[in-house]
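Undergrad: Here it is: the structure, laid out below.
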Amino acid sequence: MSVEKLAYYPGCPSEATALEQHMSTEAVFEKLGVELVEVEEWNCCGAAEAEDPNLVYALNARNLAIAERVNLDIMTPCSICYYNLARANNALKADEELRAEIKGIDPSLEYNGTITPKHILDVLVNDIGLEEIKSKLVKKVEVKVAPYYGCYIGRPPETAFDDPDDPVLMDQLIELIGGENVPFSTMKTKCCGGPLMMTRADLAFEMARKILDTAKNAGADCIALACPLCGMMLDAKQPDIEKALNVKFEMPIVYITQLLGLALGIEPNKLGLQKNVVGAKKILEKVV
Amino acid sequence: MPIKTWELDPNFKNEILNEPGGEHLTACYQCSTCTLGCPITELVPSYNPRKIIQMSLLGMRTEVLSNPDLWICAICQTCTARCPQNVVVGDVLAVMRRLAEKAEEAGEIKIESPRPLFETAFLHTVEKYGRLYDIGLAMEYYPKREGSFVAGQKAMMSDYMGFGMRMFLKGKMGPLGGHGLFKGLLASKIKQRDVMKKIFKWVEEKEKER
Ligand code: SF4
Ligand code: SF4
């Protein structure tokens, strides 16, 4: 295995709304024998709300610099955090003047571009590898899964690490653990509406509805994802969507690390499975 | 309505080209690929990023900056991924939103969407604490959006009653999760908050320079 230790950037939702993603990420990496060193005193990446690229670059120069000082590549389980870390890294690596200027704000922002930001899906499949993960599996998770990728995994091109139209990394993990991917290609990379939730809930709900509807019609037991904003929209807001649009989904939404953790034999509570808003413990019946 | 050529601002495209993210505006050849794949156009057929780009190229500054559609883009970057001319459409729209906010500050236009208020409230918590603080964000955003403290509290309650209760019962916020009594209820603060202040100040000054 090529990777033994990584800097871990949990991101703001890890402390509250996506606690289960944080818990399952830590548990899975412990089981896989990859040490995660939390980026000490990490700050917000700017999320979708920092619209000025300079703000994204400066905020993330600090996060990148902290990881660089311990000489570790930085991994995050959040797609937006990944996008911001990666585009800041690209900009800073390419532009010496920008690096100098940002270092001028405060010496703690000195970043020399020697590490690489990675999304958790990329690390699991491409760095740790399917073979290595397979050798540690103890259970089969025989669930029908709708693999949902959303934005910032296959696009935009400057930071993408999977196919823009038909990404496969999560599909591969699901197959590996004994699950079945239901036909979902029309929705895999559609936006969940998350960024509009607080200002145009009507549009956001409609976008999420399409995803939930398609998964349900495809016969999925759950939707798997790898981004806390998608989790917020599809899981935490699902009862609100059901109420507003007068529909019923009761569709469990799980983080891919929760599914993988079950296959690695990790106790469901350590994976935070009791914290998903739409009852996710149903899928335990299918773990053999 | 026909375009009034004497009201066009030929410099508008340069304003966009000079902003980070707006550099590729003039590469657009109006093929509509961006618009055809846009999830918002799917829901709101009149939403048309191609047209917004063409209007900017023509110099229709006020029409573009006061267009409410700028604020319903979900920044999903599908348009960016598909544009054959690498216009980086998603970032160009972000530039227009920033220019619209500046124009509003200068009293030139009025923005109806509450999105700038939301983004500002979000970033205020980051500037103050180094991390997002959901409750602080809501306490600033709702009263501003509704125009008064009382109306704000009411709107916040109606949006958050169900959601907040779910977060509480699942132990993601509050004492039930065993992760600390005030988990998620109090702001999570980093120590180097002075650096956050410096970063925001630098960004503001950079913006003025342009
Ligand atoms: S896809 Fe690109 S080139 Fe085509 S209209 Fe949109 S911005 Fe212009
Ligand atoms: S970034 Fe905005 S304009 Fe582009 S496809 Fe997404 S919603 Fe549409």
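Undergrad: What nm value, rounded to one decimal, do you get for the distance between A:ASN126 and B:LEU36 when each label is placed 7 Å out toward the C-beta?
TA: 2.9 nm
Undergrad: Now for a different question. So which residue, out of A:LEU262, A:LEU121, A:LEU245, gets the largest mean-square fluctuation from a GNM of chain A using Cα contacts under 10 Å as springs?
TA: A:LEU245
Undergrad: Another one. Place a label point 7 angstrom from the Cα of B:GLU108 along the Cα-to-Cβ direction, then list the residues of the stretch B:55-93 whose backbone nitrogen is under 11 Å away.
TA: Answer for this model: B:60-66.
Undergrad: How much accessible area per residue does the stretch B:5-107 have, counting only protein heavy atoms and a probe of 1.4 Å, in square angstrom?
TA: 42 Å²
Undergrad: Among B:ALA151, B:TRP202, A:PRO164, whose Cα projects farthest towards the positive end of the dipole of the protein assembly as shown, with charges put on the beta-carbon of Lys, Arg (+1) and Asp, Glu (-1)?
TA: So the residue we want is B:ALA151.
Undergrad: Per DSSP helix of 4 or more residues, -39500 (n - 2.57); summed, then divided by the residues of the protein assembly as shown. What does that give at 222 nm, rounded to the nearest 500?
TA: The helix-only estimate for the protein assembly as shown comes to -13500 deg cm²/dmol at 222 nm.
Undergrad: May I pose another question? Evaluate E = 1/(1 + (r/R0)^6) for A:LYS270 and B:TYR29, where r is the Cβ-Cβ distance and R0 equals 51 Å; express this FRET efficiency to the nearest 0.05.
TA: After rounding, the FRET efficiency stands at 0.40.
Undergrad: Right, another one. Determine the total buried accessible area between chain A and chain B, counting protein heavy atoms only with a 1.4 Å probe; round to the nearest 100 Å².
TA: It comes to approximately 5400 Å² buried between A and B.
Undergrad: Carbon and sulfur atoms: what percent of the 1.4 Å accessible area of chain A do they account for?
TA: The value for chain A is 46 percent carbon and sulfur by accessible area.
Undergrad: Hey, rough spin-label estimate for B:ILE190 and A:GLU158, points 7 angstrom out along Cα→Cβ, what's it come to in nanometres?
TA: In this crude label model, B:ILE190 to A:GLU158 measures out at 2.2 nm.
Undergrad: Follow-up. Quick check for me: using +1 on Lys/Arg Cβ and -1 on Asp/Glu Cβ, what's the dipole size of the protein assembly as shown about its Cα centre, in debye to the nearest 20?
TA: For this selection, approximately 1160 debye.
Undergrad: Highest mean first, how do A:16-25, A:90-99 rank when packing is the count of other Cβ atoms within 10 Å averaged over residues?
TA: Sorting A:16-25, A:90-99 by mean packing, highest first, produces A:16-25, A:90-99.
Undergrad: Contact order normalised by length for chain A, with contacts defined as Cα pairs under 8 Å and 6 or more residues apart; what percent is it?
TA: 21 percent
Undergrad: Would you be so kind as to list the residues of the stretch A:198-215 that have their accessible area lowered by at least 10 Å² in the full protein complex compared with their chain by itself (1.4 Å probe)?
TA: By number: A:MET198, A:THR199, A:ARG200, A:LEU203, A:GLU206, A:MET207, A:LYS210.
Undergrad: In addition: Rounded, prolate or oblate: which fits chain A when a ≥ b ≥ c are the square roots of the eigenvalues of the alpha-carbon gyration tensor, with rounded for a/c under 1.5 and prolate only if a/b beats b/c?
TA: Judged from the Cα gyration tensor, chain A comes out oblate (a/c at least 1.5, b/c at or above a/b).
Undergrad: Highest first, please rank the peptides B:17-30, A:200-213 by the mean number of other Cβ atoms sitting within 10 Å of their residues.
TA: Descending mean neighbour count gives A:200-213, B:17-30.
Undergrad: Describe numerically, in nm with one decimal, the distance between label points set 7 Å from Cα along Cα→Cβ at A:SER2 and at B:PHE168.
TA: It works out to 4.9 nm between the two label points.
Undergrad: For peptide B:124-136, how many partner chain Cβ atoms fall within 10 Å of a residue's Cβ, on average?
TA: Mean number of neighbouring Cβ atoms from other chains: 4.
Undergrad: Another question about this same structure. How charged is the neighbourhood of B:LYS4? Take every other residue with its Cβ under 15 Å from the Cβ of B:LYS4, and add Lys/Arg as +1 and Asp/Glu as -1.
TA: Spelling it out: positives minus negatives among the neighbours equals -2.
Undergrad: While we're on this one: Compute the relative contact order of chain B as a whole-number percentage, counting only Cα pairs closer than 8 Å that sit 6 or more residues apart in sequence.
TA: 16 percent
Undergrad: Calculate the FRET efficiency for B:GLU209 and B:TYR160 from the Cβ-Cβ distance with a Förster distance of 41 Å, rounded to the nearest 0.05.
TA: Computed FRET efficiency for B:GLU209 and B:TYR160 comes out at 0.55.
Undergrad: Rounded to the nearest 0.05, what FRET efficiency is calculated for A:ASN246 and B:VAL150 with R0 set to 30 Å and r the Cβ-Cβ distance?
TA: Calculated transfer efficiency: 0.50.
Undergrad: Treating the beta-carbon of each Lys and Arg as +1 and of each Asp and Glu as -1, no other charges, what is the dipole magnitude of the stretch B:5-105 about its Cα centre, to the nearest 20 debye?
TA: So the dipole magnitude of the stretch B:5-105 works out to roughly 300 debye.
Undergrad: Could you give the length gained by full extension between A:GLU142 and A:ASP166, i.e. 0.36 nm per residue of separation minus their alpha carbon distance, to one decimal place?
TA: Between A:GLU142 and A:ASP166, full extension yields 6.4 nm more.
Undergrad: If you put +1 on each Lys and Arg Cβ and -1 on each Asp and Glu Cβ, how big is the dipole of chain A around its Cα centre, in Debye rounded to 20?
TA: About 980 debye.
Undergrad: Let me ask another. Rounded, prolate or oblate: pick one for the stretch A:136-286, where a ≥ b ≥ c are the square roots of the eigenvalues of its C-alpha gyration tensor, a/c under 1.5 means rounded, and failing that, prolate if a/b is larger than b/c, else oblate.
TA: oblate
The values are calculated or read from the model by the stated rules, or taken from the named source; none is laboratory data. Bear in mind the structure is a predicted one, so any value in this text is a computation, not a measurement. A quick note on method: Cβ atoms are made from the backbone with ideal geometry, for glycine too, and the neighbour counts reach across all protein chains shown. Side chains included, ligands, DNA and RNA excluded: accessible areas come from the protein's heavy atoms. Shrake-Rupley method; radii C 1.70, N 1.55, O 1.52, S 1.80 Å.
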